[in-house]
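These notes are about the structure you will find just below.
The values are calculated or read from the model by the stated rules, or taken from the named source; none is laboratory data. None of these values were measured; they are calculated from a predicted model. Cβ atoms come from the backbone with ideal geometry, glycine included; neighbour counts cover every protein chain shown. These accessible areas exclude ligands, DNA and RNA; they are computed on the full protein's heavy atoms, side chains included. Shrake-Rupley method; radii C 1.70, N 1.55, O 1.52, S 1.80 Å.
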Amino acid sequence: MDINVRRMELADAPIVSDLWNKLAKDQLKRDKYYIEYNDCIQECDMSDYFRDCLKKDNCCILVILVDGRIVGFSETWLNKADFYFNITDYAYILHFYIEEDVRSHIVASRLFKETEKWALEHNSKFLGADVFAFNSKVQKLLEYENLSKYKIRYMKELKNGEI
């Protein structure tokens, strides 16, 4: 298996958009808060969004190719100190996805390492990501890559008359 990681190019935008839709569908269909309030998950063309991201100095979209085929991507942003992580500026993985048919620890780790490398090249001292509680595979990947839990969000559905 030949694995390569490179920066996304303009021509890759439709492929990355398709991957983003697979990511959204995969995650949202398992998110009990989303499904309960939305009957369907609609696909949308995110190509322009990803093309616009390429123009931003504080964003990096990497694609991973297996045997010459783009099978995944990571979208990482350089964020300023803020309420979510106010210690200092940091890199944040907004999206990370690999096609199911090639998804493995080797492929995921390779994409993650290149994402981390980009963050380091841009002087980030921290790299963060959010993960749904149900996504234990990604949690294990992040822990394997030496990320540790930082904050945990709790949610409760509020219903009238149930206090």
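Other residues within the sphere of radius under 13 Å centred on the Cβ of Ser104, judged by their own Cβ, net out at +1 (K and R +1, D and E -1).
Which of the GluC sites (Glu not before Pro) across segment 60-163 are loop residues per DSSP, with 14 or fewer other Cβ within 10 Å? In loop regions of segment 60-163 (DSSP not H, G, I, E or B), the sparsely surrounded GluC sites (Glu not before Pro) are Glu157, Glu162.
Against the longest alpha carbon principal axis of the chain, how many degrees, from 0 to 90 and to the nearest 10, is the axis of helix 13-28 turned? The answer is roughly 30 degrees.
Split the accessible area of segment 3-145 by element, probe 1.4 Å, and carbon with sulfur accounts for 52%. Listed values [x] 50, 34, 30; [y] 56, 38, 30; [z] 59, 44, 25 include one computed from this model; for Cα extents along the principal axes in Å that value carries the label [y]. Set the bar at 25 Å for Cα to Cα. Now go through Lys55/Lys113; Lys56/Lys156; Lys32/Lys149; Lys29/Lys159; Lys80/Lys113; Lys29/Lys125 and name every pair that lies beyond it. Result: Lys56/Lys156; Lys29/Lys125 exceed 25 Å. Working from the Cα coordinates of segment 82-148, the gyration tensor eigenvalues give, after taking √(5λ), semi-axes of 22, 15, 10 Å in decreasing order.
The residues of the chain expose, per residue, 67 Å² of accessible area to a 1.4 Å probe.
Working from Cα pairs under 8 Å separated by at least six residues, relative contact order for the chain is 21 percent. Rounded to 0.05, the FRET efficiency of the Lys156 and Glu100 pair, given R0 = 35 Å and the Cβ-Cβ distance, is 0.65.
Divide by every residue of the chain the summed helix terms, -39500 (n - 2.57) for each DSSP H run of at least 4, and state the resulting mean residue ellipticity at 222 nm, rounded to the nearest 500 deg cm²/dmol. Mind showing how you got there, number by number?
Working: 5 runs with 56 residues, N = 163.
For the chain, the value works out to -10500 deg cm²/dmol.
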